[in-house]
Amino acid sequence: MAPSALPSFSSSFLFPLKTQKSFKPPKPLTIICSSQEPKKPSKNPQRPTSRNRKRTPYGTSRRSILKKTFTQEQVKFTAGVSADPQVGIIGGGMAGLLCALSLEKRGVKSTVFDTGMHGLGGRMGTRVIDPQQLIFDHAAQFFTVSDSRFSKLVDYWLEKGLVREWQGLVGQLELGGRFIPLPSSPPRFIGVNGMRPLADSLLSETSMVNVVRPCWISKLEPFNGMWHLSENGKPRGEFDAIVIAHNGKCANRLLASSGLPLIARQMKRLDLSSIWALLAAFEHHLPMGDGNVTFQGAFVKGVDSVSWMANNSLKLLGSQGNGPHCWTFFSTAAYGKQNKVPQENIPSQTAEKVKTSMLEGVEAALGLPKGSLPRPIYSRVQLW
């Protein structure tokens with residue numbers, strides 16, 4: 001299978017970085033780029049000191065990072081880009097991977113830095129738990145197609161047997177157990193073996209994309225006309241251009257030392273929502289009313305702690321036997337905001353509280369008596 005078998009995308013599909021099909025260096029501009037520290041704002045005795053300011057219990061907030069970023073001097077790039085540019089892409093989710101793929105089709109080399117311990121894909125993650133043989137799509141549950149350019153990629157995945165149409169029953173579940181099926185149009189697609197293999201497939205035939213993981217880029221700095229990346233003080237390379245394909249808080253943290261306050265102001269417009277995911281495996285079918293749950297996915301209404309639930313075992317394996325049933329539950333955005341903690345360091349007390357609250361929400365959604373929901377044989381929470 002040659003790389004040309006992959007569909008070609010228009011650069012407008014990616015947005016983070018636009019290049020022409022046959023790369024031509026832009027006209028030279030003036031570059032003003034130094035290693036000096038950004039100027040510190042003048043101290044105003046009228047304002048409260050840092051000692052008097054209330055600090056968050058979980059480190060630096062997004063708001064404080066943005067304020068710090070606005071005090072920087074704007075870096076002005078004026079030198080011409082190399083004829084053989086190197087692009088650093090921070091984030092190996094679908095946006096970052098598609099960006100790398102599009103750059104390769106235009107003859108541009110890139111390095112993708114990703115924090116994933118288990119694999120690439122970001123929100124396309126699939127978690128497999130051995131030896132119990134449990135499987136969960138713990139972020140993206142399915143997708144639909146409304147763009148002709150994306151349709152070409154989906155056709156490629158269909159041809160390779162990586163995706164299929166989700167024929168399972170999907171609907172809306174109202175508080176108390178009332179289930180209303182949703183129309184099957186437009187078609188919903190799922191990964192045959194979960195979502196993660198779709199991310200892996202994007203780079204399976206590339207030759208100009210380097211992947212570095214797990215790697216948590218902690219600093220982005222301009223110096224001598226290049227962008228320098230580092231991970232907790234360890235140099236991770238210098239690049240002609242950088243694409244930040246990461247979530248809002250991480251992007252803001254990187255921008256804090258980048259000399260790009262204008263871009264930081266654009267980031268301020270983002271409205272970010274935190275969502276809890278609860279992965280829970282049950283020994284048998286979940287009960288509902290006089291029988292068992294028959295749907296494979298449902299948008300939950302009227303429950304504060306739960307907005308979605310899906311049976312991964314039926315969705316991915318089609319298992320109707322006695323094996324464990326692996327469910328993914330998502331919280332509402334409001335619940336995520338009320339119980340927000342650092343993604344990388346979830347306190348055990350918070351994890352237990354969220355798990356209990358979401359399982360109670362599932363119980364209420366299914367219309368079950370309090371305390372009657374079966375106890376899961378495996379559970380794990382994650383904050384997106």
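The values are calculated or read from the model by the stated rules, or taken from the named source; none is laboratory data. Keep in mind the model is a prediction, meaning the values are calculated, not measured. Here the Cβ is made from the backbone with ideal geometry for all residues, glycine too, and neighbour counts use every protein chain on show. Note: areas computed on protein heavy atoms with side chains; ligands, DNA, RNA excluded. Shrake-Rupley method; radii C 1.70, N 1.55, O 1.52, S 1.80 Å.
Applying the set (1) under 27 Å from R380 (Cβ atoms); (2) modelled with pLDDT under 85; (3) of a type in the set (A, V, I, L, M, F, W, C) to L262 leaves exactly one unmet item: (1).
Quick grid of which residues meet (1) surrounded by fewer than 23 Cβ atoms within 10 Å (Cβ to Cβ); (2) in the same structural domain as N224 (by the TED database); (3) among the aromatic types (F, W, Y):
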{"residue": "R253", "(1), (2), (3)": "yes, yes, no"}
{"residue": "E283", "(1), (2), (3)": "yes, no, no"}
{"residue": "S307", "(1), (2), (3)": "yes, no, no"}
{"residue": "L317", "(1), (2), (3)": "yes, no, no"}
{"residue": "P324", "(1), (2), (3)": "yes, no, no"}
{"residue": "K337", "(1), (2), (3)": "yes, no, no"}
{"residue": "V341", "(1), (2), (3)": "yes, no, no"}
{"residue": "E344", "(1), (2), (3)": "yes, no, no"}
{"residue": "V354", "(1), (2), (3)": "no, no, no"}
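Checking each residue in segment 255-276 for being open to solvent by 70 Å² or more (accessible area, probe 1.4 Å) and among the polar types (S, T, N, Q) picks out Q266, S273. Of all residue pairs spaced 6 or more apart or on separate chains, those with beta-carbon atoms under 8 Å, a first member in segment 108-127 that is within 18 Å of Q343 (Cβ to Cβ) and part of a loop (DSSP other than H, G, I, E, B) and a second member that is modelled with pLDDT under 80 and not hydrophobic (A, V, I, L, M, F, W, C) are G125/H118; G125/G119.
Per-residue answers, yes or no, for (1) over 26 Å from F330 (Cβ atoms); (2) modelled with pLDDT under 80:
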site	(1), (2)
K68	yes, yes
E73	yes, yes
A83	yes, no
G96	no, no
E104	yes, no
S110	yes, no
D114	no, no
G121	no, yes
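In this structure, does S207 turn out to be modelled with pLDDT under 85, open to solvent by 20 Å² or more (accessible area, probe 1.4 Å) and of a type in the set (S, T, N, Q)? Break it down into steps so the answer makes sense when it comes.
Working: modelled with pLDDT under 85: no; open to solvent by 20 Å² or more (accessible area, probe 1.4 Å): yes; of a type in the set (S, T, N, Q): yes.
So S207 fails the test.
Of the residues making up segment 136-153, none is aliphatic (A, V, I, L, M) and open to solvent by 70 Å² or more (accessible area, probe 1.4 Å). Looking across segment 285-302, the residues that are over 22 Å from I129 (Cβ atoms) and open to solvent by 20 Å² or more (accessible area, probe 1.4 Å) come down to P287, M288, G289, D290, G291, N292, T294, F299, K301, G302.
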